[in-house]
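Reading through the structure tokens given below for one structure.
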Amino acid sequence: IPALLSGKADLLVADMTPTLARGMKVAFTKPYMYTGSTVFTKAGTAFKSTEDCKAKGTKIAVLLGATGEKEAKAAFPDADIKSYKGGGPLLLDAVNNGQADCGVNDVSAVKGQSTAYPAGSFIIMPDMLSKEPLAFATRYDEQDLLTWMNLFLDQVSLDGRLQKNLDYWVNSDAWKKDH
């Protein structure tokens with residue numbers, strides 16, 4: 001957001017949740033997809049469900065300042081929340097190496113980042129802690145760009161290109177074969 005507000009960028013294209021607080025600073029497009037925070041653990045552990053992770057003293061890895069941190073604190077009040085500064089792979093590493101019992105992060109990030117490990121290394125719980133939209137953002141003085149981006153999202157949604165790209169880049173690891 002600082003790069004956008006300083007004029008270094010005109011558009012933020014990232015996995016950003018449009019919140020009311022962020023909406024006071026930047027103008028968001030309509031959502032291009034919905035995601036949410038999920039719980040994951042290392043395969044073969046005693047943690048088989050989200051409920052299992054609620055036990056007192058369970059170590060849960062989250063990203064500092066991310067939506068998942070807030071969701072984890074609310075869902076697991078008796079757990080030991082461990083906040084990591086950096087990217088999502090840190091959470092998978094923490095769970096894989098035994099520094100945390102479970103992790104909480106965006107489900108699409110967990111699915112994508114877990115492909116760096118052997119298949120079946122992690123269990124992603126089927127229930128979600130939250131459901132959030134993801135959107136692009138621009139400055140409020142860029143109303144023409146905001147309108148164009150919303151029209152673009154309408155077009156690619158209607159003709160199927162949006163879903164095709166989400167399936168390729170987000171919902172699978174098929175892109176790895178091509179890159």
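Structural remarks
- Exactly one residue out of Met125, Met149 is more than 30 Å from Phe40 (Cα to Cα) and surrounded by 12 or more Cβ atoms within 10 Å (Cβ to Cβ): that is Met149.
- The residue list Lys25, Lys111, Lys30 contains one member that is within 13 Å of the chain's Cα centre (by Cα) and of a type in the set (Lys, Arg), which is Lys111.
- Counted residues, region 51-77 - those being within 19 Å of Gly36 (Cβ to Cβ) and assigned to a strand (DSSP E or B): 4
- Residue in region 90-112 that is crowded, with 18+ Cβ neighbours inside 10 Å, in contact with a helix residue (DSSP H, G or I) (Cβ under 6 Å, 6 or more places away or on another chain) and closer than 19 Å to Trp175 by Cα present: no
- Residue match in region 58-73 (condition: over 21 Å from Asp144 (Cα atoms) and surrounded by fewer than 13 Cβ atoms within 10 Å (Cβ to Cβ)): yes
- The residues in region 167-179 that are of a type outside the set (Phe, Trp, Tyr), under 12 Å from Gly112 (Cα atoms) and either in a helix (DSSP H, G or I) or more than 21 Å from the chain's Cα centre (by Cα) (or both) can be counted, and the count is 2.
- Scanning region 104-156 for residues that are of a type in the set (Asp, Glu) and either on the phi > 0 side of the Ramachandran plot or not in a strand (DSSP E or B) (or both) turns up Asp141, Glu142, Asp144, Asp154.
- Counting only residues that are of a type in the set (Phe, Trp, Tyr) and at pLDDT below 95, region 134-172 holds 2 of them.
- Pairs, first on the phi < 0 side of the Ramachandran plot in region 40-52, second in a helix (DSSP H, G or I) and acidic (Asp, Glu), C-beta under 8 Å, six or more apart: Ala46/Asp52
The values are calculated or read from the model by the stated rules, or taken from the named source; none is laboratory data. Bear in mind that the values here come from a model prediction, so they are computed numbers and not experimental data. Counting neighbours? That spans all protein chains shown, and the Cβs are built from the backbone with ideal geometry, glycine included.
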